[in-house]
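The values are calculated or read from the model by the stated rules, or taken from the named source; none is laboratory data. Bear in mind the structure is a predicted one, so any value in this text is a computation, not a measurement. Positions of Cβ are generated from backbone atoms using ideal geometry, with glycine treated the same way; all protein chains shown enter the neighbour counts. Just so you know, the surface numbers come from the protein's heavy atoms only, side chains and all, with ligands and any DNA or RNA stripped out. Shrake-Rupley method; radii C 1.70, N 1.55, O 1.52, S 1.80 Å.
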Amino acid sequence: MRNGTNILAVFGSTGSIGCNTLEVVRRHPEHFRVRYLTGNSNADLLIAQVREFRPAAVAVTDPAAESAVRDAVGDQTEILSGTDALTQLAGRDDYDTMVSSLVGFAGLLPTVTAIRAGKNIALANKETLVVAGEIITGLLKERDVHLLPIDSEHSAILQCIVGEPGHSVARIVLTASGGPFRGRTAGEIADVTPAAALQHPNWSMGSKITIDSATLMNKGLEVIEAHWLFGVDASAIDVVVHPQSIIHSMVEFSDGSVKAQLGVPDMKIPIHYALTWPDRIAADYERLNLADVGTLTFEQPDLETFSCLRLAYQALEEGGTAPACLNAANEVAVAAFLRGDLSFPGIAQLIDDSLQHVPTLPAEEIDSVVDIDRQAREHAAASLTRLKTLT
Ligand code: NAD
Ligand code: MG
């Protein structure tokens, strides 16, 4: 923080979380300033963001987008490109907080670089903690930096445990909307299309996490994320389906008391909290009116039909690089489903097959995680080709 202003590097600024973060900045210019932005292929949006927020530099990973951005705003800002552009920006010393909002495994190395450089992290990119939780938690201690979750469930848990003794947390209860196919049988989800899976009932998000929400893999990744963030075993992390997405998660304490955090489903609220923690700074996001909501309901998740959640628990119990394998196979499977190359139930099958065939190693070094990520992608891609030739 410089003079009370949190200077931000927003990684993945053109995405759903990136845009919500910039809206938080837009509404509170006295508290936040943007120093760096990064984007992949959406050149028009990145150009507009550069013109509005005047960052010192931007990293553009897609080559076609890079030349468009350079042509439009190359005289106003430094432009970095190429494979190490993200880590180069992440390692710079003139910002306070990285908003880690890239999607998928691509977020890992920039986030690790920022922690090594002593930056606080506002983390949306849950995949980073899923694949390298042990390494990240070790690095945070070593560098004495804070990692604040943006994910609404984990922001809720953090807000529930503030001021409580660590030993008093007995159980974490993550809420899940259940996604667009809640209540359907295995037969009823066999042929669902990408367009149907992309219709999330409560949240507007990037396509990868929206499909993860439909398969319940998103909740599985969040169970693993919660394990690393709060040091709670898998056996003490429950999931309950709560279709209204008003209770963002709950903590049960050792005396039987349960705390929950509530709010309208708006990612600006947990982003704002991650960027202002441990303070609370007033904001005028939409307020919750429980009388308007009327009813809050809860049900058990269906782990048979939505087996991705079961696979995530299994990978967490197995430990080591198993969650990295789960994540890589899921990324391959979701991309294939979105292209129309894999059925919806095929996503879980491809992940299950990868978990069975890719070896599990200790996950104490980044190199092991990167290596298993590559192996799992290769394995899943080969299984996908086999499946396609069979059909
Ligand atoms: P998104 O697809 O909308 O945005 C992703 C961003 O990453 C974009 O800026 C894109 O340009 C960039 N990007 C994508 N692939 C890249 C690559 N290979 N190299 C460099 N940049 C790349 O995704 P999102 O919905 O904003 O989600 C981002 C992260 O936040 C995910 O990990 C997701 O699980 C998590 N998250 C999202 C939400 C939400 O409401 N969207 C909620 C909780 C957590
Ligand atoms: Mg979430």
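Check every one of the helices (runs of 4 or more DSSP H) wholly within segment 279-369 and list those with 1 or more residues that are touching a helix residue (DSSP H, G or I) at 6+ places or on another chain (Cβ under 6 Å) and on the phi < 0 side of the Ramachandran plot.
307-318, 322-339, 344-357
Across segment 118-136, what is the number of residues that are within 12 Å of ligand 1 (Cβ to nearest atom) and either of a type in the set (A, V, I, L, M) or surrounded by fewer than 24 Cβ atoms within 10 Å (Cβ to Cβ) (or both)?
The qualifying residues number 6.
State whether the residues of segment 179-200 include one that is within 11 Å of ligand 1 (Cβ to nearest atom), under 25 Å from Leu229 (Cβ atoms) and either without any contact (Cβ under 8 Å) to a residue 12 or more places away in the chain or open to solvent by less than 60 Å² (accessible area, probe 1.4 Å) (or both).
Checking segment 179-200: at least one residue is within 11 Å of ligand 1 (Cβ to nearest atom), under 25 Å from Leu229 (Cβ atoms) and either without any contact (Cβ under 8 Å) to a residue 12 or more places away in the chain or open to solvent by less than 60 Å² (accessible area, probe 1.4 Å) (or both).
Out of all the residues in segment 224-245, which are open to solvent by less than 20 Å² (accessible area, probe 1.4 Å), more than 20 Å from Phe181 (Cα to Cα) and within 16 Å of ligand 1 (Cβ to nearest atom)?
Those that are open to solvent by less than 20 Å² (accessible area, probe 1.4 Å), more than 20 Å from Phe181 (Cα to Cα) and within 16 Å of ligand 1 (Cβ to nearest atom): Ile224, Glu225, Ala226.
How many residues are farther than 19 Å from Leu303 by Cβ and in contact with a helix residue (DSSP H, G or I) (Cβ under 8 Å, 6 or more places away or on another chain) when one looks only at segment 165-208?
Residues meeting the conditions: 12.
Taking segment 70-115 only, how many residues are more than 20 Å from the chain's Cα centre (by Cα), more than 10 Å from ligand 1 (Cβ to nearest atom) and more than 15 Å from Val10 (Cβ to Cβ)?
Adding up the residues that qualify gives 15.
Name the single residue, out of those in segment 18-47 being assigned to a helix (DSSP H, G or I) and touching a Gly at 6+ places or on another chain (Cβ under 8 Å), that is nearest to ligand 1 (Cβ to nearest atom).
Gly18
Being away from ligand 2 (no atom under 16 Å from the Cβ) and in contact (Cβ under 8 Å) with a residue 60 or more places away in the chain is the filter here, so list the residues in segment 19-50 that pass it.
Matches in segment 19-50: Glu23, Val24, Arg27, His28, His31, Phe32, Arg35, Thr38.
I need the full set of residues from segment 118-171 which are acidic (Asp, Glu), within 16 Å of ligand 2 (Cβ to nearest atom) and under 19 Å from Val370 (Cβ atoms), in order please.
Of everything in segment 118-171, just one residue is acidic (Asp, Glu), within 16 Å of ligand 2 (Cβ to nearest atom) and under 19 Å from Val370 (Cβ atoms), namely Glu127.
Scan Ile157, Ile211 and give me the residue that is within 16 Å of Ser307 (Cα to Cα) and either modelled with pLDDT under 95 or in contact with a Phe, Trp or Tyr (Cβ under 7 Å, 6 or more places away or on another chain) (or both).
Step by step, each of Ile157, Ile211 is checked, and only Ile211 is within 16 Å of Ser307 (Cα to Cα) and either modelled with pLDDT under 95 or in contact with a Phe, Trp or Tyr (Cβ under 7 Å, 6 or more places away or on another chain) (or both).
If you scan segment 137-159, which residues turn out to be among the β-branched types (Val, Ile, Thr) and either away from ligand 1 (no atom under 14 Å from the Cβ) or not in a helix (DSSP H, G or I) (or both)?
Within segment 137-159, Thr137, Val145, Ile150 meet the criteria.
Counting residues that are among the β-branched types (Val, Ile, Thr), which helices (runs of 4 or more DSSP H) fully inside segment 171-276 reach at least 3?
207-215, 268-276
Among (1) away from ligand 1 (no atom under 14 Å from the Cβ); (2) free of Cβ contacts under 8 Å to residues at least 60 places away in the same chain, which single condition is Val162 missing?
(2)
Restricted to segment 277-321, and to residues that are open to solvent by 30 Å² or more (accessible area, probe 1.4 Å) and among the aliphatic types (A, V, I, L, M), which residue is nearest to Glu188 (Cα to Cα)?
Leu303
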